[in-house]
Amino acid sequence: MAVYENEAFVVRREVQAVAVPAGVPVTLHPGQAGYITQALGGSFTLYVEGNLFRLPGAEADAIGKEVSLPPELPPNATEDDVRALAWEQMKTCYDPEIPVNIVDLGLIYECDVAPNDDGTRTVDVRMTLTAPGCGMGDVLVQDVREKVELIPTVREAKVELVFDPPWNQSMMSAAARLQTGMM
């Protein structure tokens, strides 16, 4: 993926974003200017008028960037194929304030795939947050849901936010600890 860190942009059309870390929806308007502070997993963290906002990759054209392409499954994919792709999709979900994906942060506890009678699948995900009071919790849950539901044959992604066991730094991958300086 291309790196856009600290790249200037101008909003080209009215677009919905989410304030960081409050997690509340906001509307950005044409002509507003700012900087991309993080571009990971297809979404963008934007600095506009002294505030941070998260813009989903599906709305990237509003700041002159390419919209993310949906994932693909091989023909005759199995539940294991769907589960593997779900994990890959969740690796494209980032906390807007931490440049590490939520899988490597250790926020995903479970990912199960079940077939439905109509040939579709349901994916059940259990996840947590680095801190229970994080205002971005609902936004991260929605991001996981949306990215998993992009997988062909997935009818529904059920994402449950849990706090037991509580998250701690030992749940991070070695690469994530190294990247954040928490070794």
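The values are calculated or read from the model by the stated rules, or taken from the named source; none is laboratory data. Given the structure is predicted, the values throughout are model-derived calculations rather than measurements. Quick reminder, even Gly has a Cβ in these numbers, built from the backbone with ideal geometry, and neighbours come from all protein chains shown. Side chains included, ligands, DNA and RNA excluded: accessible areas come from the protein's heavy atoms. Shrake-Rupley method; radii C 1.70, N 1.55, O 1.52, S 1.80 Å.
Inspect all residues belonging to the range 40-58 and state whether any of them is in contact with a Leu (Cβ under 6 Å, 6 or more places away or on another chain) and open to solvent by 60 Å² or more (accessible area, probe 1.4 Å). Scanning the range 40-58, I find no residue that is in contact with a Leu (Cβ under 6 Å, 6 or more places away or on another chain) and open to solvent by 60 Å² or more (accessible area, probe 1.4 Å), so the answer is no.
Taking residues in the range 4-23 that are within 16 Å of LEU140 (Cα to Cα), and partners anywhere that are open to solvent by 70 Å² or more (accessible area, probe 1.4 Å) and among the acidic types (Asp, Glu), the pairs with Cβ atoms closer than 7 Å and at least 6 places apart or on different chains are VAL20/GLU97; PRO21/GLU97; GLY23/ASP138. Hey, among the residues in the range 75-99 that are closer than 21 Å to MET136 by Cβ and of a type in the set (S, T, N, Q), which one's modelled with the highest pLDDT? Among those residues, the one meeting the criterion is GLN89. Annotation: of all residues in the range 79-135 being over 16 Å from the mean Cα position of the chain (by Cα) and of a type in the set (Ser, Thr, Tyr), the one that is farthest from GLU149 (Cα to Cα) is THR120.
Out of the range 24-47, which residues are free of Cβ contacts under 8 Å to residues at least 24 places away in the same chain and either in contact with a Phe, Trp or Tyr (Cβ under 8 Å, 6 or more places away or on another chain) or among the basic types (Lys, Arg) (or both)? Residue satisfying the conditions is TYR47 alone. Restricting the range 1-39 to residues that are open to solvent by 60 Å² or more (accessible area, probe 1.4 Å) and among the polar types (S, T, N, Q), the residue that is modelled with the highest pLDDT is GLN16.
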